[in-house]
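So the structure is just underneath, and the comments pick up after that.
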Amino acid sequence: MKESTKGVLLSGLVYPGLGQLVLGAKFSGVLFAILTTAGLLVIIYRLTVRIYHALDPILSLLANNTFNWNQFIAILSHSSYDSWQIEGVSLVLFLACWALSSLHAFFVGQKIDRKAG
């Protein structure tokens with residue numbers, strides 16, 4: 001298998017930065033992995049906080065046997081304590097790292113393929 005193919009598959013399908021690490025581009029591999037992990041952690045944390053804020057009033061409705069769907073929808077729509085801006089930026093960061101890591105791994109692999117061929 002060509003090194004360029006191996007790099008793209010590892011960075012694109014397994015985890016961003018892994019292709020660079022396997023191909024020897026340690027700094028860029030670690031950088032892509034750290035940025036991707038940071039983006040994912042922010043998304044997971046913020047969604048967990050949003051779910052927690054929505055669950056408290058829902059559980060109190062269930063405990064009091066006063067649950068109805070209109071209240072449930074109202075709670076979900078008001079569960080956002082702020083905008084989705086941070087999650088959006090984190091998602092863009094994650095997707096950009098994924099795409100750029102795959103592209104970078106391809107070029108690193110091509111460079112290795114040219115030297116070997």
Which angle from 0 to 90°, rounded to the nearest 10, does the C-alpha axis of helix 26-63 make with the longest principal axis of the chain?
-> 10 degrees
Computed label-point distance, nm, for sites LEU55 and LYS2 using a 7 Å Cα→Cβ extension = 4.8 nm
Hey, with R₀ at 35 Å, roughly what FRET efficiency would ALA99 and TYR45 work out to, going by the Cβ-Cβ distance, to 0.05?
-> 0.90
Calculate the dipole size of region 3-116 relative to its Cα centre from +1 charges on Lys and Arg beta carbons and -1 charges on Asp and Glu beta carbons; express the result in debye to the nearest 20.
-> 500 debye
Scoring only Lys, Arg, Asp and Glu (+1, +1, -1, -1) among other residues with Cβ under 14 Å from the Cβ of LYS6 yields 0
Calculate the spin-label point distance for THR37 paired with THR66, positioning each point 7 Å from the Cα along the beta-carbon direction, and give it in nanometres.
-> 4.6 nm
For ARG114 and VAL92 in one chain, what is 0.36 nm times their gap in residues minus the Cα-Cα distance, to one decimal in nm?
-> 4.6 nm
By counting other Cβ atoms within 10 Å of each Cβ, how are ASP113, ASP56 ranked from fewest to most?
-> ASP56, ASP113
Between LYS26 and ILE73, Cβ-based FRET efficiency (R0 41 Å, step 0.05) works out to 0.25
For the chain, the longest principal axis of the Cα atoms and the Cα long axis of helix 85-116 enclose an angle in degrees, to the nearest 10, of 20 degrees
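Read the figures in this text as sums done on the coordinates, not as results from a lab. Note that this is a predicted model, so its numbers are computed, not measured. Note that each Cβ is placed from the backbone with ideal geometry, even for glycine, and that neighbours are counted across all protein chains shown.
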